[in-house]
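Comments concern the structure below.
The values are calculated or read from the model by the stated rules, or taken from the named source; none is laboratory data. Please read all numbers here as calculations on a predicted model, not as lab measurements. Don't worry about glycine lacking a Cβ; one is built from the backbone with ideal geometry, like all the others, and counts go over all protein chains shown.
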There are 2 protein chains.
Amino acid sequence: MAEQAGTPRRTPLSRERILRTAIALADTAGIESLSMRNLAQELGVVPMALYKHVANKDELLDAMIDMVVGEIDAPIPDTEWKQAIRGRILSARSALQRHPWAALAIESRNMATPAILGYLDSVVATLRSGGLSADLAHHVMHAMGSRVLGFSQELFDTTRDAGRSGPNTAPQPAALPPEIAARFPHLAEIATASHDETSVVGSGCDDQFEFEFALDLLLDGIERLQQRGWTSAHR
Amino acid sequence: MAEQAGTPRRTPLSRERILRTAIALADTAGIESLSMRNLAQELGVVPMALYKHVANKDELLDAMIDMVVGEIDAPIPDTEWKQAIRGRILSARSALQRHPWAALAIESRNMATPAILGYLDSVVATLRSGGLSADLAHHVMHAMGSRVLGFSQELFDTTRDAGRSGPNTAPQPAALPPEIAARFPHLAEIATASHDETSVVGSGCDDQFEFEFALDLLLDGIERLQQRGWTSAHR
DNA sequence: ACCTGAACACCGTTCAAGT
DNA sequence: ACCTGAACACCGTTCAAGT
């Protein structure tokens with residue numbers, strides 16, 4: 001079960017192979033199943049063997065994050081800044097969606113891996129090249145928050161089973177259970193809102209649409225500030 | 001050490017007392033120090049005793065979260081919706097700041113405790129009373145994301161030691177270490193931006209300002225959409 | 001009837017002993 | 001010189017044995 005068919009059983013352990021296996025394990029079994037012991041077993045080695053290639057579990061997680069961030073597309077040159085940022089962020093989003101554990105891992109880490117810093121740096125570069133002041137760019141990065149990296153921590157999360165293999169366990173809870181819908185009438189109302197308008201199947205809401213809605217709200221607001229020559233002194 | 005001076009050593013265990021102690025422990029020692037065993041020791045009982053009052057650790061965490069959410073101020077009646085929401089969210093923020101572990105706990109939980117649902121419901125109620133359509137209110141809640149609850153997952157977190165007792169360990173890293181400032185010039189530039197403008201001591205940036213900047217950017221954008229009678233069909 | 005010590009099945013990580 | 005079994009100090013939770 002643990003040994004893969006094609007490879008000779010004694011494929012030498014390498015940092016690369018450890019990272020790929022760790023990511024695959026987290027993707028399919030969930031991040032909570034990623035223990036040094038489980039990972040070692042998956043690789044057919046004794047747990048201690050991993051410590052030859054990674055310092056400890058924290059460093060392993062950092063390296064996994066860096067690999068995911070590395071999947072984000074490079075910026076498209078010669079594009080208007082708003083479109084460039086938009087495309088970049090949507091690419092980040094799809095990378096993070098391929099690895100559902102990554103968003104929370106990034107948040108719980110103290111942050112600041114080289115790959116993340118490189119990505120953020122290039123986003124700032126795009127903002128600056130679009131004519132935004134360093135001052136405004138600074139606040140923009142804060143305002144975007146985790147959305148820069150493609151996730152926004154949806155509060156009522158429709159797809160929270162993050163990290164299950166196979167088809168998503170029950171596509172949607174089919175709106176709210178009636179007893180809590182009664183206790184929280186306004187939530188019930190908006191849960192069923194935008195049914196008629198958008199063409200979403202079932203009662204689920206379109207996460208991608210919500211993400212872009214918020215993203216564009218922010219980008220449009222920022223563009224307006226820039227055009228008005230906003231500085232921190234304004235407020 | 002574990003027994004408090006004023007109380008008789010046999011203060012009967014109660015859910016209330018367990019929760020208060022758990023929150024205090026997480027506040028002072030950090031969430032990673034909150035184990036059932038540690039908590040029991042703090043209370044002077046055997047770990048198993050806790051299971052008479054809480055089903056398991058997950059339920060304990062949910063109850064702790066609900067208690068923190070309970071600290072959020074009630075909405076001020078008869079206020080214009082934008083101001084009402086703004087005040088509510090800033091109150092949520094200060095509650096979450098008093099308990100630095102809470103934001104991450106909320107995110108990692110599957111979400112949807114009664115207190116959180118009640119809070120979200122009342123925020124939606126305010127939006128609706130301000131004349132926003134259920135459709136727009138829906139998207140607004142998504143756009144706000146975790147900011148509705150007062151946190152935004154700052155990506156470059158200036159105060160990430162969350163959960164240390166005593167004075168904050170070194171107020172600020174004094175800008176970026178020069179070697180990484182060289183590798184990420186645009187980050188370095190915005191890190192030192194808004195120095196002259198705002199009156200922030202040291203090189204830190206004003207988290208509260210950044211939060212309100214983003215909040216107002218969103219609220220202003222939403223107000224404009226509302227005034228224009230925006231619906232999902234627009235896009 | 002109530003309480004709890006010991007135990008179970010896990011962690012991440014160390015270290016000395018074996019080849 | 002290299003590898004690794006056993007061990008350490010933890011987890012959350014169960015359960016049978018003790019009062």
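Some observations on this one:
- For region A:55-64, the tally of residues that are within 14 Å of chain B (Cβ to nearest Cβ) and either surrounded by 14 or more Cβ atoms within 10 Å (Cβ to Cβ) or within 10 Å of DNA strand D (Cβ to nearest atom) (or both) stands at 1.
- Hits in region B:93-113 - residues which are in contact with a helix residue (DSSP H, G or I) (Cβ under 7 Å, 6 or more places away or on another chain) and within 14 Å of chain A (Cβ to nearest Cβ): B:Arg93, B:Leu96, B:Trp101, B:Ala102, B:Ala103, B:Leu104, B:Ala105, B:Ile106, B:Glu107, B:Ser108, B:Arg109, B:Thr113
- If the condition is being outside any loop (DSSP other than H, G, I, E, B) and either surrounded by 21 or more Cβ atoms within 10 Å (Cβ to Cβ) or touching a residue at least 60 places away in the same chain (Cβ under 8 Å) (or both), then region B:127-140 contributes B:Leu127, B:Asp135, B:Leu136, B:Ala137, B:His138, B:His139, B:Val140.
- Search result, residues across region B:28-39 that are more than 7 Å from DNA strand D (Cβ to nearest atom) and farther than 19 Å from B:Leu96 by Cα: B:Leu39
- Test result for B:Ser122, within 13 Å of chain A (Cβ to nearest Cβ), of a type in the set (Ser, Thr, Tyr), within 16 Å of DNA strand D (Cβ to nearest atom) and free of Cβ contacts under 8 Å to residues at least 60 places away in the same chain: no
- Within region A:18-39, considering residues that are at negative phi and outside any helix (DSSP H, G or I), the one farthest from DNA strand C (Cβ to nearest atom): A:Leu34
- Residue check, B:Leu96 at pLDDT below 95 and not β-branched (Val, Ile, Thr): no
- Odd one out for B:Ala115, checked against (1) away from DNA strand D (no atom under 12 Å from the Cβ); (2) touching a residue at least 12 places away in the same chain (Cβ under 8 Å); (3) of a type in the set (A, V, I, L, M, F, W, C); (4) part of a loop (DSSP other than H, G, I, E, B): (4)
- Among the residues of region A:97-112, those identified as surrounded by fewer than 19 Cβ atoms within 10 Å (Cβ to Cβ), touching a residue at least 12 places away in the same chain (Cβ under 8 Å) and out of contact with any Leu (no Cβ under 8 Å at 6 or more places or on another chain) are A:Gln97, A:Arg98, A:Leu104.
- The number of residues in region B:43-64 that are outside any helix (DSSP H, G or I) and away from DNA strand C (no atom under 11 Å from the Cβ) comes to 3.
- Pairs with Cβ under 6 Å, 6+ apart, first in region A:176-190 and at pLDDT 90 or above, second surrounded by 13 or more Cβ atoms within 10 Å (Cβ to Cβ) and in a loop (DSSP other than H, G, I, E, B): A:Ala188/A:Leu176
Residue-wise test of (1) in contact (Cβ under 8 Å) with a residue 60 or more places away in the chain; (2) in contact with a helix residue (DSSP H, G or I) (Cβ under 9 Å, 6 or more places away or on another chain); (3) within 16 Å of DNA strand D (Cβ to nearest atom); (4) assigned to a helix (DSSP H, G or I).
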position: A:Gln41; (1), (2), (3), (4): no, yes, yes, yes
position: A:Asp66; (1), (2), (3), (4): no, yes, no, yes
position: A:Pro75; (1), (2), (3), (4): no, yes, no, no
position: A:Ser91; (1), (2), (3), (4): no, no, no, yes
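- Flag for A:Lys52 being within 26 Å of B:Pro177 (Cα to Cα) and within 16 Å of DNA strand D (Cβ to nearest atom): no
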